[in-house]
1. I'd like the full set of residues that are over 30 Å from A:F167 (Cβ atoms) and β-branched (V, I, T), limited to region A:180-201.
2. Find the residue count for region B:62-76, including only residues that are more than 7 Å from chain A (Cβ to nearest Cβ) and closer than 23 Å to A:R246 by Cα.
3. Quick one: what pairs do we get from region B:82-106, first residue closer than 15 Å to A:E69 by Cα and within 7 Å of chain A (Cβ to nearest Cβ), second surrounded by fewer than 17 Cβ atoms within 10 Å (Cβ to Cβ) and modelled with pLDDT under 95, C-beta under 8 Å, 6+ apart or different chains?
4. Return yes when A:Y127 is more than 13 Å from the chain's Cα centre (by Cα) and at negative phi and no when it is not.
5. Checking B:Y149 against (1) in contact with a strand residue (DSSP E or B) (Cβ under 9 Å, 6 or more places away or on another chain); (2) within 9 Å of another protein chain (Cβ to nearest Cβ), only one condition comes out false. Which one?
6. Does A:L124 satisfy the condition of being crowded, with 21+ Cβ neighbours inside 10 Å and touching a strand residue (DSSP E or B) at 6+ places or on another chain (Cβ under 6 Å)?
7. Under 28 Å from A:T122 (Cα atoms), modelled with pLDDT of 95 or more and surrounded by 17 or more Cβ atoms within 10 Å (Cβ to Cβ), is that true of A:V227?
8. Please pick out the residue among B:N63, B:N38, B:N29, B:N51 that is surrounded by fewer than 16 Cβ atoms within 10 Å (Cβ to Cβ), in the same structural domain as B:L166 (by TED's automatic domain parsing) and at positive phi.
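The values are calculated or read from the model by the stated rules, or taken from the named source; none is laboratory data. Bear in mind the structure is a predicted one, so any value in this text is a computation, not a measurement. Ideal geometry is used to build each Cβ from the backbone, glycine not excepted, and the neighbour counts take in all protein chains shown.
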Amino acid sequence: MNILASYRQQMADQKRAILIYWLIIFILFVVIDGGISFFYNGSENSTTGSIEMVTLIFLFVAGLCSFKENFLLSVQNGISRKTLFCGRLLTTVSVALIMPVADLLIHLINRGILFLSGSTVTDLPLYGAAYCGTEAARLIYLIPNFFMEFVLSLAVMAAGYFITILFYRLNKLGKILVGAGVPVLLNIILPLLDIRFFHMAMTKTAARLMLFVAQRPSHLIITSILVCVVFCAASFLFMRRAVVKRQ
Amino acid sequence: MNCIEVKNVSKRFAETEALSQVCLRFEENKIYGLLGRNGAGKSTLLNIIANRIFADSGQVFVNGMPAIENDRAQSLLYLMSEQTLYPEKMKIREVFKWTQNFYPSFDLAYAQNLAARFGLDTKKKVKALSTGYSSIFKIIVALSAGTPYILLDEPVLGLDAAHRELFYKVLIEKYSTDPCTVILSTHLIEEAAGVVEDIVIIKEGKIIQNQSCEALLSKGYTISGKAAAVDDFIRGKEIIGTDSLGGLKTAYILGALPEEEIPGDLELSRLDLQKLFVQLTNS
């Protein structure tokens with residue numbers, strides 16, 4: 001019962017942001033992009049789409065903004081951290097289902113505009129752009145695109161949520177160390193160590209790993225699920241001892 | 001038995017021992033005054049009961065259920081604290097709506113009625129409220145939540161005299177029509193004295209008094225007069241404090257009223273709660 005109450009509240013918190021995002025994307029993507037396509041007489045190879053990347057960035061940011069207010073409101077209303085976390089999981093799954101549906105609608109509307117305008121521009125979803133080329137413009141490819149976006153959404157939201165909990169738990173010094181230390185480690189220290197001691201072996205391994213993940217949709221889907229599980233577990237571990245701090 | 005039971009709770013913040021082996025029981029349908037000086041541990045105790053922070057050791061039970069990370073136990077209490085935990089951009093009427101979502105017994109009509117009595121505009125956002133109205137809005141939510149335990153941490157913070165009087169009136173009305181346990185943590189002891197039944201005094205994280213207001217006040221008295229006569233009289237008695245001004249002296253004594261004859265040059269009077277509190281917590 002409390003999980004449901006927490007879920008309702010967390011969904012309401014996301015609702016406004018999603019609606020504003022969808023409205024902006026609708027205007028940008030459909031009206032502007034559709035309008036340009038209407039007047040554009042370019043080559044037949046021109047494509048538009050991959051709105052999914054924008055959505056994933058939005059969901060990551062939404063994840064980053066989802067903890068503090070909801071946590072304090074929950075604690076004020078006698079909701080345990082465990083219940084808040086369960087509500088968050090349900091919210092994450094719901095949003096990860098809603099956003100691909102919204103993107104699917106945008107693709108369909110965009111395709112409608114392109115078709116009616118007789119434009120030569122092709123609407124391509126992320127899945128098509130990544131794995132199939134213009135072949136993926138066929139409607140049937142919107143289905144794997146939906147599933148791919150769903151799992152990617154789960155992963156980015158879980159990552160954003162974990163980062164915000166981590167920063168909530170850290171003290172001032174910890175925030176500075178993690179906030180500045182991690183980028184310095186990844187962008188300066190590790191590359192220097194790699195060049196000096198490992199003959200670029202670390203970079204090559206990382207590149208191979210990324211290529212492997214992106215190589216096939218199945219690899220990407222499994223990796224996304226694993227990332228989601230790891231970040232959710234880590235989030236719970238950090239959340240279960242979170243306390244209300246003096247403001 | 002229905003009560004909030006605190007068992008051997010200790011809490012330390014860095015070098016400060018906020019609570020030390022606190023054992024307490026807040027019984028059903030009573031109004032408690034939780035008194036203590038700044039930093040005595042009142043808010044820490046309430047925050048631990050409400051699962052906002054964790055005790056280092058010890059346990060809290062609400063109606064026999066462990067209170068920590070327990071939704072059922074927490075649904076029986078509501079803590080109104082000095083710190084506002086509601087989103088700043090939320091409107092007061094939205095706070096009412098969401099409180100009803102979490103506390104199904106939240107009385108919306110009663111909340112709206114109280115808002116009208118206090119002159120609180122429910123269309124305002126939380127961040128737009130002054131300190132006084134912020135306290136009022138949290139008081140209203142707490143009293144309307146419909147929980148059997150209401151914990152009020154400095155509820156009259158920033159309230160003017162008229163609003164404070166209205167608050168005590170509303171609290172008594174609420175208590176008489178819908179009895180519940182109220183734990184009132186406050187600095188304004190004189191005002192609260194007329195409302196509370198039991199007093200818990202906390203000093204440096206330890207409970208130093210926990211009994212009915214009447215019993216506590218009957219345990220002490222004040223004797224004043226010329227310093228030498230007072231000194232003679234108080235010899236062998238439990239003194240909790242003295243004040244001197246010129247050749248006059250006032251002594252605050254814990255214990256039953258003296259059976260012996262009071263010398264004519266000495267004046268005996270009952271302690272009031274504030275004086276007793278000051279003397280107990282200063283010593």
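1. Going through region A:180-201, the residues over 30 Å from A:F167 (Cβ atoms) turn out to be A:195-201.
Correct list: A:I195 only.
2. Residues flagged as more than 7 Å from chain A (Cβ to nearest Cβ) and closer than 23 Å to A:R246 by Cα within region B:62-76 amount to 2.
3. Here the result reads B:Q83/A:R246; B:Q83/A:Q247, each pair linking region B:82-106 to a residue that is surrounded by fewer than 17 Cβ atoms within 10 Å (Cβ to Cβ) and modelled with pLDDT under 95.
4. Values: more than 13 Å from the chain's Cα centre (by Cα): yes; at negative phi: yes.
For A:Y127, the condition - more than 13 Å from the chain's Cα centre (by Cα) and at negative phi - is met.
5. So the condition that B:Y149 fails would be (2).
6. yes
7. Working: under 28 Å from A:T122 (Cα atoms): no; modelled with pLDDT of 95 or more: yes; surrounded by 17 or more Cβ atoms within 10 Å (Cβ to Cβ): yes.
It is false that A:V227 is under 28 Å from A:T122 (Cα atoms), modelled with pLDDT of 95 or more and surrounded by 17 or more Cβ atoms within 10 Å (Cβ to Cβ).
8. That would be B:N29, the only listed residue that is surrounded by fewer than 16 Cβ atoms within 10 Å (Cβ to Cβ), in the same structural domain as B:L166 (by TED's automatic domain parsing) and at positive phi.
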